[in-house]
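Heads up: the structure comes next, in structure tokens.
The values are calculated or read from the model by the stated rules, or taken from the named source; none is laboratory data. Quantities reported herein were computed from a predicted structural model and do not represent experimental measurements. Positions of Cβ are generated from backbone atoms using ideal geometry, with glycine treated the same way; all protein chains shown enter the neighbour counts.
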Amino acid sequence: MTWERRDVVMTKWRDGSINYEQCGVEFPGFWSVNAVNIVTSKYFRGVVGTPQRESGLKQLIDRIVKTYTKAVEEYGYFASPADAEIFEWLR
């Protein structure tokens, strides 16, 4: 799979003014513009324009997998800590 950097610029349909912008986000090359725009504007965490802002799908997936791993460990769904480690590693 090839990854590419894109600039997300979303404008208001009425006047063309920019209502969201984040440059250099990284996504699989086959993703549509619409998919990239939605994920970037709705699901990335952090303040836009700061280093803490997520800048790619890989970061988002890592955050989600770590959240699931932590919750599943807390509820005792893994047979062992090693199983939890393997689950997180497979992301």
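Here is how the numbers come out for the structure above:
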| quantity | calculated |
| --- | --- |
| Any hit, the range 20-38, residues being surrounded by 11 or more Cβ atoms within 10 Å (Cβ to Cβ), assigned to a helix (DSSP H, G or I) and in contact with a helix residue (DSSP H, G or I) (Cβ under 9 Å, 6 or more places away or on another chain) | yes |
| Any chance Ile64 is in the same structural domain as Thr2 (by TED's automatic domain parsing) and of a type in the set (Val, Ile, Thr) | no |
| Check on Lys42, assigned to a helix (DSSP H, G or I) and exposed (fewer than 10 other Cβ atoms within 10 Å of the Cβ) | yes |
| Within the range 46-91, tally of residues that are of a type in the set (Val, Ile, Thr) and farther than 24 Å from Arg5 by Cα | 4 |
| All positions within the range 59-76 that are outside any loop (DSSP other than H, G, I, E, B) and among the hydroxyl-bearing types (Ser, Thr, Tyr) | Thr67, Tyr68, Thr69 |
| Top-ranked residue of the range 50-62 - restricted to ones that are in contact with a strand residue (DSSP E or B) (Cβ under 9 Å, 6 or more places away or on another chain) and touching a residue at least 24 places away in the same chain (Cβ under 8 Å), ranked as surrounded by the most Cβ atoms within 10 Å (Cβ to Cβ) | Leu57 |
